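Here's the structure we're looking at; comments come further down.
The values are calculated or read from the model by the stated rules, or taken from the named source; none is laboratory data. On a predicted model such as this, the values are computed, not experimentally measured, just so you know. Every residue, glycine as well, gets a Cβ built from its backbone with ideal geometry; the counts of neighbours run over all protein chains shown. For accessibility, only protein heavy atoms count, side chains too; no ligands or nucleic acids. Shrake-Rupley method; radii C 1.70, N 1.55, O 1.52, S 1.80 Å.
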Amino acid sequence: MAKADVFVTNDKNFLKQSKRPRLAELGARVILTPADAAAYDVAESS
């Protein structure tokens, strides 16, 4: 998975399950808060 597949946001609206399919269509297969992104390891999602 490329690093560009991660969408980082503080907006809780984007973290809703109902938003995830549409964001995945746009290329954001992983949606994280900034705190989660800081701990995110690309290798574990491959």
Fill in the blank from the handout: Once Leu26, Leu32, Leu15 are ranked on solvent-accessible area with the largest value leading and a 1.4 Å probe, the list reads Leu26, Leu15, Leu32
Completion exercise
In whole Hz, the Karplus estimates of ³J(HN,Hα) for region 16-31 (6.51, -1.76, 1.60; θ = phi - 60°; x where Gly or Pro) are 5, 4, 5, 8, 4, x, 5, 5, 5, 4, 7, x, 9, 6, 10, 10
Exercise for the section: For Ala38 paired with Lys12, estimate the spin-label separation in nm (one decimal), with each label point 7 Å from Cα along the Cα-to-Cβ line. Expected result: 2.0 nm
